[in-house]
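Report on the structure given below.
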Amino acid sequence: MPRLVDHEQRRTEIGAAAIRVILREGLAGVTVRGVAAEAGWSTGSLRHYFANQHELQSYVARATSDALRARVLPRLMRPRTVGSVVEGIISLTEELLPLDDERREEYALWQAVIEWERDHPPKDGSQTWNDQRALHRQCIAQLRGRPDRDPGAALRPHPDPQVELWAAVLHTFVDGLAAQLVNTPDRLSGDDARRLLRALLEAVPGFTDPAAPPA
């Protein structure tokens, strides 16, 4: 009998091989020939799944987004035992900062997804960007004492315009910290990033932290 091929498993292998290529060469290295070589396949075998480089890169961008979500979400969801609201939010948001080898790798993958989406904008917007904005929205809402009990609501604009404004500020700020940690590590340390995050969060209008020690 002919051996049955698990096509879903094959696609998973392709995605894993492409991620390894991205980490070495960036999205430009994700070619049919390059990914086939990385996966140990013939070019003809890979073309059975993807007719051209555009189809391959489109699939890889989606697979990379899914891989990032699977890696980061468990860290975001883990219980945190910190004394103050600000420290809890710093602990949460720094999971998005490239502070160690694992998170620097995730940042490189995220940059590859951004590169793809810049040239091929998703119909409903970037899911990874939307997830990040939802996280920052939840953080600011908590700081202002207006947390939403429905986690799905964080994917929609908050009724408090100050939450929306400062969620955008925090999102932009964290992205900037991430870029500096990667591009100018001699000018910004992990401790510097945490200190700057704390300063920004404490400047949010309406912020009160009942767990914070008295001044």
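The values are calculated or read from the model by the stated rules, or taken from the named source; none is laboratory data. All values derive from a computational prediction rather than experimental measurement. Don't worry about glycine lacking a Cβ; one is built from the backbone with ideal geometry, like all the others, and counts go over all protein chains shown.
Miscellaneous remarks
- Single unsatisfied condition, ALA153 versus (1) in contact with a helix residue (DSSP H, G or I) (Cβ under 8 Å, 6 or more places away or on another chain); (2) closer than 24 Å to VAL85 by Cα; (3) surrounded by 15 or more Cβ atoms within 10 Å (Cβ to Cβ); (4) not polar (S, T, N, Q): (1)
- Any hit, region 200-211, residues being within 21 Å of the chain's Cα centre (by Cα), outside the structural domain of THR64 (by TED's automatic domain parsing) and without any contact (Cβ under 8 Å) to a residue 24 or more places away in the chain: no
- Within region 112-125, being under 21 Å from LEU97 (Cβ atoms) and free of Cβ contacts under 8 Å to residues at least 40 places away in the same chain holds for one residue alone: ILE114.
- Some residue of region 53-76 being among the basic types (Lys, Arg), within 18 Å of HIS120 (Cβ to Cβ) and modelled with pLDDT of 90 or more: yes
- Qualifying residue in region 114-129 (condition: in contact with a helix residue (DSSP H, G or I) (Cβ under 7 Å, 6 or more places away or on another chain) and among the aliphatic types (A, V, I, L, M)): no
- Residue selected from region 77-134 under the condition aromatic (Phe, Trp, Tyr) and more than 21 Å from VAL163 (Cα to Cα), by the criterion farthest from the chain's Cα centre (by Cα): TRP116
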